[in-house]
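Single-structure report; data block below.
What follows draws every value from the coordinates through simple rules; no lab data is involved. What you see is a predicted model; the values in this text were computed from it and never measured. Counting neighbours? That spans all protein chains shown, and the Cβs are built from the backbone with ideal geometry, glycine included.
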Amino acid sequence: IYDIGDDRLRLKVSKWCKKAGLRRLQKSVFVGFVRQTDIDELVKKVSPLLPTPDRFSVFALDPADYQVMLDSGVLLPEHLRTKHFTLFDF
């Protein structure tokens, strides 16, 4: 999840997230199964470039947590649904 004011930096971070294997869930929200080393590399690239008060946050979920993640509203896109993901529709 990020909140970045500069358009160029926001685009760059978006590309880096995709390159790390993450998929876009919303404009500034990405989700996916990636290696810890890929996340570490991504954080190492992004962190030094962020001016205050911009943010870049990573929330790691183990597969069991991901499996029971709730999503209300619009269904997740097909490419984000996996055998590890159970969707609870309200």
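Annotations
- Compared with the direct C-alpha span, the chain from residue 47 to residue 19 gains 8.4 nm at full extension, assuming 0.36 nm per residue.
- Order of 45, 19 under a 10 Å beta carbon neighbour criterion, fewest first: 19, 45
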